[in-house]
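For reference, the structure discussed in these notes is given below.
Each value in this text was obtained by applying a stated rule to the coordinates, not by laboratory testing. Everything numeric in this text was worked out from a predicted model, so none of it was measured. No Cβ is skipped: glycine too gets one built from the backbone with ideal geometry, and neighbour counts run over all protein chains shown.
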Amino acid sequence: MWLAMTEAAGGVSLSLREYGRYLREQLKGLDGQSAFLGQTTFERIHSPLTGYGHGWGVARDAQLGRVSQHNGSNGNHFSVALVMRDQRRALAISCNCYSVKAVADIETFAGQLALRASRSK
């Protein structure tokens, strides 16, 4: 029974513009600037329990600092998001494709974009 509580609650459908707003709100919340939730709540969401926060994979990258990552798919489309707290940047990539190779390629591309953005800061 407890395992069922760790599974996804269901799907979320939103435009990339809305997803961008959501990711900006994550950054604002981590800075204590959100009108929705307190900074402590955002800190908890983006803190690792065992490498995974509350809905976010959380890690520390040598170049990017603290990074939260989330991905998802409906079986036909795939999206990945990165919140790079120390860089004060976030990015999302979405593709109308889904396969093991597509997922790997998109996650690699997201990492390349994140590193490129950190160098241009």
Dipole magnitude of region 15-119, debye to nearest 20 (Cβ charges: Lys/Arg +1, Asp/Glu -1, about Cα centre): 240 debye
Karplus 3J(HN,Hα) series, Hz, for region 47-63 with 6.51 cos²θ - 1.76 cosθ + 1.60 (x for Gly, Pro): 10, x, 8, 9, x, 9, x, 7, x, 10, x, 10, 8, 10, 9, 4, 9
Residue-averaged 222 nm ellipticity for the chain, from DSSP H runs of 4+ at -39500 (n - 2.57), nearest 500: -11000 deg cm²/dmol
Of 107, 18, 43, the one that fluctuates the most in a GNM where the chain has Cα springs shorter than 10 Å: 18
For region 64-69, Karplus couplings with θ = phi - 60° (6.51, -1.76, 1.60), whole Hz, Gly/Pro x: 9, x, 6, 10, 10, 10
Share of Cα-Cα pairs in region 15-119 lying beyond 23 Å, as whole percent: 25 percent
Sorted by Cβ neighbour density within 10 Å, fewest at the top, the residues 103, 12: 12, 103
Order of 16, 82, 27, 113 - criterion: other Cβ atoms within 10 Å of each residue's Cβ, fewest first: 16, 113, 27, 82
Charge sum, other residues only, whose C-beta stays under 12 Å from residue 85's C-beta, Lys/Arg counted +1 and Asp/Glu -1: +1
Per-residue ³J(HN,Hα) for region 80-87, Karplus 6.51 cos²θ - 1.76 cosθ + 1.60, θ = phi - 60°, Hz, x for Gly and Pro: 9, 10, 10, 10, 9, 4, 5, 8
Residue among 81, 92, 104 with the largest mean-square fluctuation in a Gaussian network model of the chain, springs linking Cα atoms under 10 Å: 104
Top of 17, 85, 60 by mean-square fluctuation, Gaussian network on the chain, Cα under 10 Å: 17
